[in-house]
1. Give the lysines reachable from Lys116 as a straight Cα distance under 18 Å; neighbours fewer than 8 places away on the same chain don't count.
2. In percent, what relative contact order does the chain have, based on Cα pairs under 8 Å that are 6 or more apart in sequence?
3. If you count the DSSP beta bridges with both ends in the stretch 11-170, what percent of them are antiparallel, to the nearest 5?
4. Helix-derived [θ] at 222 nm for the chain: sum -39500 (n - 2.57) over DSSP H runs of at least 4, divide by residue count, nearest 500?
5. Cα axis of helix 135-144 to longest principal axis of the chain: angle in degrees, 0 to 90, nearest 10?
6. Over the Cα atoms of the stretch 35-80, how large are the radius of gyration and the largest Cα-Cα distance (Dmax), in Å?
7. Mind giving me the FRET efficiency for Gln9 and Asp84? R0 is 35 Å, r the Cβ-Cβ distance, nearest 0.05 is fine.
8. At 25 °C and a viscosity of 0.890 mPa s, what translational diffusion coefficient does Stokes-Einstein give for the chain, taking Rh as the Kirkwood radius over Cα pairs? Give it in µm²/s as a whole number.
Amino acid sequence: MGRDEGGVQGLRIVDVKEESPIWEHLWPVVEQLAQRPYIEAQAGHFRSSHVLAAIMEDRPVGFLRFVVQRLGEDEGRPPIVFQDRTLYEAKIIAFGVLPEERNRGIGRSLQRDAMKRARALNCCQVRSRSDYGNSANYHLKISLGFGIQPSLEDDSVYFVMALPAEESLESSGGDDA
């Protein structure tokens, strides 16, 4: 077994569906990390949902769930349209790595894989939310280049990463704002 794109020896990042054999092995990891409500969350504005599992030695050691939604829709805002195209985002709503497996690059690999998949799904950004004081998540997100926006409604912050399109906005010929 080789390295994933993040360089972690023996790590594989795989898509997981509820009907996948790996799902039953992933569930205890979800439970241990108290992420069940976020893995199970459903909303009418989710366009699609994606669960990624980090697999080492044929066992799950971490996961990430993101949903694709129109930008701002979860905040009750109208769609944002740019150049006649509705903008979508990938919102990470569940993420965790087993405590004994942390600080090895597994979380970084999951985040990078989610960003790559979000680009392929035509998302213009990746966003997630974290409680204040979650320094490990802060370190990871900041080191990956995410921006930070404190939430107005509770003790949490949003992390946002723009995903540039194949063709840069500068080459679009638009007017300066």
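Derivation of every value follows stated rules applied to the coordinates shown; laboratory data play no part. This one's a predicted model, so the numbers in the text were calculated from it and none came from an experiment. For neighbour counting, all protein chains shown are included, and Cβ atoms are generated from backbone atoms with ideal geometry for every residue, glycine included.
1. Result set, ordered by chain and number: Lys91, Lys141.
2. On the way: 290 pairs, mean separation 31.2, N = 177.
Reported as a whole number, the value is 18 percent.
3. Just about 90 percent of them are antiparallel.
4. Rounded to the nearest 500, it is -6500 deg cm²/dmol.
5. 60 degrees
6. Looking at the stretch 35-80, its Cα Rg and Dmax stand at 13.8, 45 Å.
7. 0.15
8. Taking Rh from Cα pairs, D becomes 143 µm²/s.
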